[in-house]
Amino acid sequence: MGHYSAKQKEKIILKFRESKTKAKNFVKSYGISDQTLLNWCKKYDQSGIDGLGAPNSADKEELIILRNEVKELKKKNAELETRNEMQKRIEALISKKK
């Protein structure tokens with residue numbers, strides 16, 4: 001089974017915690033990795049069942065905006081690195097002439 005609802009994830013987490021077994025052994029019957037289960041547990045501890053659902057549209061929109069900002073900042077950073085390198089070369093040439 002590939003996709004679990006938030007309610008299903010909650011049930012799995014509660015069963016896991018009651019079982020007192022290691023995540024690696026517990027997950028075998030659910031078709032998920034132990035890391036996935038541990039991530040679910042962390043999200044559940046932080047936000048309850050709401051943390052286990054798909055991100056809402058506002059979260060998705062914010063993610064798109066942030067990704068675009070990161071892309072722009074990386075572009076600006078590359079430009080500034082190029083300018084900085086050119087400035088260093090110019091300063092080196094000027095100091096050689098003195």
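Rule-based calculations on the coordinates, nothing more; no lab input. None of the values given here were measured: they were computed from a predicted structure. As a convention, Cβ positions derive from the backbone with ideal geometry for all residues, glycine included, and neighbour counts pool all protein chains shown.
Below 8 Å, C-alpha to C-alpha, sequence gap of six or more: please give me the relative contact order for the chain in percent.
On the way: 36 pairs, mean separation 23.9, N = 98.
Rounded, it is 24 percent for the chain.
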Rounded to the nearest 500, what is the 222 nm mean residue ellipticity of the chain from helices alone, with -39500 (n - 2.57) per DSSP H run of 4+ residues and division by all residues? -25500 deg cm²/dmol
By average Cβ neighbour count within 10 Å, what is the ranking of 26-36, 60-70 from highest down? 26-36, 60-70
Size of the dipole of the chain about the Cα centre, Lys and Arg at +1 and Asp and Glu at -1 on the beta carbon, nothing else charged, in debye to 20? 540 debye
Out of these labelled values of Cα extents along the principal axes in Å, [x] 43, 34, 25; [y] 55, 31, 14; [z] 77, 31, 23, which was calculated from the coordinates shown here? [z]
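If the limit is 19 Å between Cα atoms, which of Lys15/Lys43; Lys43/Lys74; Lys20/Lys42 go over it?
Numbers: Lys15/Lys43 16 Å; Lys43/Lys74 30 Å; Lys20/Lys42 17 Å.
From the list (Lys15/Lys43; Lys43/Lys74; Lys20/Lys42), the Cα-Cα distance tops 19 Å for Lys43/Lys74.
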If you take every residue apart from Thr21 with its C-beta less than 13 Å away from the C-beta of Thr21, what net charge results, scoring Lys and Arg +1 and Asp and Glu -1? +4
Any idea which of Leu52, Gln8, Leu73 is furthest toward the positive side of the dipole for the chain, if Lys and Arg beta-carbons carry +1 and Asp and Glu beta-carbons -1? Leu73
Which ³J(HN,Hα) values, rounded to whole Hz and listed in residue order, are derived for the stretch 16-24 from phi using the Karplus coefficients 6.51, -1.76 and 1.60 in 6.51 cos²θ - 1.76 cosθ + 1.60 with θ = phi - 60°, glycine and proline given as x? 4, 5, 6, 6, 6, 9, 6, 4, 4
